[in-house]
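The values are calculated or read from the model by the stated rules, or taken from the named source; none is laboratory data. Treat the numbers as computed from the prediction; the structure is a model and nothing was measured. All Cβ positions, glycine included, derive from the backbone under ideal geometry; neighbour counts span all protein chains shown.
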Amino acid sequence: MMIDLRSDTITRPTEEMRKAMSAAEVGDDVYGEDPTVRRLEELAAGLTGHEAALFVTSGTQGNLVALLSHCARGDGAIVGKECHIYNYEGGGLAVLGGVMPLVVDDTGGLPSTECVRALCRDENVHFAPARLLCLENTHNREGGNAVDPVAYGELVRCAIDAGLAVHLDGARVFNAAVAWKVDVKEFTAAVDSVQLCLSKGLGAPVGSVVCGSKEFIRQARHWRKLLGGGLRQAGVIASAGIVALERMVSRLAEDHGNAALLATLLREGGMDVESCAKPTNMVYVSLSPSLPGAKEIAERCGKRGVVFNPTSPRRFRLVTHFDVDEADVRKAAAVILEEARPS
Ligand SMILES: Cc1ncc(COP(=O)(O)O)c(C=O)c1O
């Protein structure tokens, strides 16, 4: 059996999800008539501390409808240079929104309050005015770091005081809450909007939810339709999302434990595992010049049934999720250590 550490997106629906999907009560959601979608949206809004929510097809679509709802053409959105919205979403904010990315350093997972304040400049004909701050937690490219809730809260307050709206890309915000042992509202309630993924560590096959005020969700619903995301009997998939939110959150701790074990085993074997302030379900490994490149190691390991993604020529990422257990992690570490020897 293959051990797949490429991403937590590869998880397949649980038996409980499959049962919920086959039994789901449905209606036409574009008419607002799907009771299961409504139940999912109410559940997500309640969990995140918002008035309303909207089921969307993916994290990318959720982030995009949020950006389009907050910003008009010519506005600026402050984004971290390592964040997913800026690096991996096809430049949707610029392509479809005419929104100018105002890029800041987010090393460690959070931009500093100083650099955010510095972009909140007085009106001037030369500037794209900053309207929105986008944050990400956990921060994927920064090691899956669960951002410190105190520093996060300070930054959110600072941005709101400076007149910005704040959007959280919370694709894995439940991982962050579990890692810090705090209620997820700690990260979601104070922001204007949050996008959370059901289809990553929570295991649902499809979908994300965007949460915010009723007025924000009214606009987001319009953008979702425009983007082709108005689904009909979507309760069939939303039902799995309900199971994800009700049943799959607390077990994320197991994924974090397995990632910690994997990191320890690789470190003990002499590999340069990147350190991370509050690790979750990701392990990033840097490769010194004496070792084969990331692509070559990944290919060799793949032939032995351990698959993962290189993220640059000398760096690769391993992600734990509910389809890998402790025995898999031990086997994966042994294979990687054997295949990452100098050739
Ligand atoms: C931090 C983050 N945000 C957003 C997304 C986009 O989610 P999707 O693949 O569902 O579009 C991802 C996907 O991996 C992600 O890691």
Restricting region 186-217 to residues that are of a type in the set (Gly, Ala, Ser) and within 15 Å of the ligand (Cβ to nearest atom), which is surrounded by the fewest Cβ atoms within 10 Å (Cβ to Cβ)? 199
Does region 253-263 contain any residue that is surrounded by fewer than 20 Cβ atoms within 10 Å (Cβ to Cβ), touching a residue at least 24 places away in the same chain (Cβ under 8 Å), in a loop (DSSP other than H, G, I, E, B) and not hydrophobic (A, V, I, L, M, F, W, C)? no
Selection count where residues are outside any loop (DSSP other than H, G, I, E, B) and either free of Cβ contacts under 8 Å to residues at least 12 places away in the same chain or loosely packed, with under 15 Cβ neighbours inside 10 Å (or both), scope region 280-295: 2
When both residues are 6+ apart or on different chains and their Cβ atoms are under 7 Å apart, which pairs have a first residue that lies in region 314-343 and is touching a residue at least 12 places away in the same chain (Cβ under 8 Å), and a second that is outside any strand (DSSP E or B) and among the hydroxyl-bearing types (Ser, Thr, Tyr)? 319/7; 321/11; 322/11; 323/11; 329/320; 342/290
Going by the conditions given, is residue 110 hydrophobic (A, V, I, L, M, F, W, C), within 16 Å of the ligand (Cβ to nearest atom) and more than 25 Å from residue 150 (Cα to Cα)? no
Within region 1-31, take every residue that is within 25 Å of residue 188 (Cα to Cα) and either surrounded by 19 or more Cβ atoms within 10 Å (Cβ to Cβ) or not polar (S, T, N, Q) (or both) and give me the one that is nearest to the ligand (Cβ to nearest atom). 8
Could you grab me the full set of residues in region 67-93 that are over 23 Å from residue 217 (Cβ atoms) and away from the ligand (no atom under 12 Å from the Cβ)? 74, 76, 81, 91
Flag for residue 183 being closer than 22 Å to residue 322 by Cα and more than 16 Å from the ligand (Cβ to nearest atom): yes
Given the condition in contact with a His (Cβ under 8 Å, 6 or more places away or on another chain), buried (at least 21 other Cβ atoms within 10 Å of the Cβ), at pLDDT 95 or above and over 22 Å from residue 198 (Cα atoms), answer yes or no: does some residue in region 51-67 qualify? no
State the number of residues belonging to region 308-334 that are surrounded by 18 or more Cβ atoms within 10 Å (Cβ to Cβ) and within 30 Å of residue 15 (Cβ to Cβ). 12
Out of 168, 155, sole residue that is buried (at least 22 other Cβ atoms within 10 Å of the Cβ), aliphatic (A, V, I, L, M) and either modelled with pLDDT of 95 or more or not assigned by TED's automatic domain parsing to the domain that holds residue 286 (or both): 168
Flagged in region 264-279 as hydroxyl-bearing (Ser, Thr, Tyr) and either over 23 Å from residue 136 (Cα atoms) or assigned to a strand (DSSP E or B) (or both), in numbering order, are 264
Kindly list, by first and then second residue, each pair from a residue in region 184-213 that is at negative phi to a residue that is away from the ligand (no atom under 12 Å from the Cβ) and of a type in the set (Lys, Arg), limited to pairs with Cβ atoms under 9 Å and residues at least 6 apart or on different chains. 190/157; 201/251; 202/247; 205/12; 210/224
In this structure, is residue 105 surrounded by fewer than 24 Cβ atoms within 10 Å (Cβ to Cβ), in contact with a Lys or Arg (Cβ under 7 Å, 6 or more places away or on another chain) and over 20 Å from residue 162 (Cα atoms)? no
Qualifying position, being touching a helix residue (DSSP H, G or I) at 6+ places or on another chain (Cβ under 6 Å) and within 16 Å of the ligand (Cβ to nearest atom), among 102, 64, 96: 64
Taking the conditions exactly as written (surrounded by 24 or more Cβ atoms within 10 Å (Cβ to Cβ) and touching a helix residue (DSSP H, G or I) at 6+ places or on another chain (Cβ under 8 Å)), does residue 239 satisfy them or not? yes
In region 26-54, what residues are in contact with a Gly (Cβ under 6 Å, 6 or more places away or on another chain), touching a residue at least 12 places away in the same chain (Cβ under 8 Å) and of a type outside the set (S, T, N, Q)? 26, 30, 34, 37, 40, 50
Can we say residue 230 is closer than 27 Å to residue 44 by Cβ and surrounded by fewer than 23 Cβ atoms within 10 Å (Cβ to Cβ)? yes
